[in-house]
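Structure first, then comments.
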Amino acid sequence: MQDPFDLAAGWLQEHLLLPLLYQVGLMQWEDLSYGWALFAVYGAVQVAATFAICMPLERWRPLERWPDNKAVIVDMIYTVISRVGVLPLVTFVLFYQVQVALNGWLADQGWVPPTLERLFPALLGRPLLTFVAYAIILDFADYWRHRLSHRFAWWWALHSLHHAQKQMTFWSDDRNHLLDDLIAALWFGAVALLIGVPPMQFPLLVLVLRFIESLSHANARLSFGAIGERLVISPRFHRAHHGVLAAGQRSCNYGAVLPWWDMLFRTADFSREKVETGDPGAPEAMVSGGYIAQQVAGVQRLARAARRRPAAPIGRPRPAR
């Protein structure tokens, strides 16, 4: 019996992608179109699975209730665009092309393409352990990308779109400016190339890590306990990162999946309970505008930050507790 994912990807390729590629004269992408379609299907299934798990949690033990959820609808649009469209394109098609070109160039120079298994021979023949090692390294890299996005004013101007949401839910994970997403994709992809992540594993790694990130944004009274919260980031831990800072407070909890890096670099704060989310300095278009309005507002805020060169929005991190 044929895999239902293969059937869905085949249908998507035949009825949508190939006609589209033919119309725009890009049939050289035909061989890769199936891979994009397959991971677009995986993305759609992940959205459905995230909804099936997080929505009941938010209904069961909501942290906040709002008179209307209009602002959340825009976040849903972000999620569909990212998980079903942009993410498969970047994580499979473009990553695959870059990796093939890079490995070919290295081979022409007489160099062996880098792999994690070559650096750590103990990983040879242990694909699950290698997959976990890839995830840990990528999460470490993402901690620093995220922390730097709070450090530089121009970068914060883009990243603040993610923080502008006052009605934070699991849909808010993908609420990012396209330019911020581009930087994140280049950062993530460069690290993946450096450690030799195989093309077919890279999208799966992204899907797994993004699922946990979505859960961490859930509007739910959910804690993993004193030990669990030090193993995997919970909604309570990550909500503290989105909290509006009181006088004298510093931003904290930059980790995406693992709290280890916050604990190691003294940016963890396990003490904050329910906090209000949002960015008081964000323009109203970033808060309640539609998708296009939010993207335009992000570019405008970036332009203002470039002209004024204000101090970065983040001071020194507060110590771990």
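Close amide H pairs (under 5 Å, H built 1.01 Å from N) link ASN219 with PHE170, residues at least 5 positions away or on another chain.
Our estimate of slack between ILE81 and ALA293, defined as 0.36 nm per intervening residue step minus the Cα-Cα distance, is 74.7 nm. Based on C-alpha pairs under 8 angstrom that are at least 6 apart in sequence, the range 4-308 has a relative contact order of 21 percent. Modelled this way, with points 7 Å down the Cα-to-C-beta line, the labels at GLN23 and MET55 are 3.0 nm from one another. Between the amide H of THR277 and those of VAL244, distances stay under 5 Å, these residues lying 5 or more places away or on another chain, with hydrogens modeled in the peptide plane. Each label was represented as a point 7 Å from its Cα along the Cα-to-Cβ direction; for ASP31 and GLN201 these points are 2.3 nm apart. Of VAL132, VAL45, VAL24, the residue with the greatest mean-square motion in the GNM of the chain, using alpha carbon springs below 10 Å, is VAL24. Separation of the range 224-291 from the range 10-56 is 33 Å, based on Cα centroids.
Measure nothing but the geometry: give the 0 to 90° angle between the long axis through the Cα atoms of 201-216 and the longest principal axis through the Cα atoms of the chain, rounded to 10°. Approximately 20 degrees, to the nearest ten.
For ALA306 and PHE265, a Förster radius of 30 Å and the Cβ-Cβ distance give a FRET efficiency of 0.60, rounded to the nearest 0.05.
Throughout, read-outs are computed from the coordinates displayed, never taken from laboratory work. Treat the numbers as computed from the prediction; the structure is a model and nothing was measured. Positions of Cβ are generated from backbone atoms using ideal geometry, with glycine treated the same way; all protein chains shown enter the neighbour counts.
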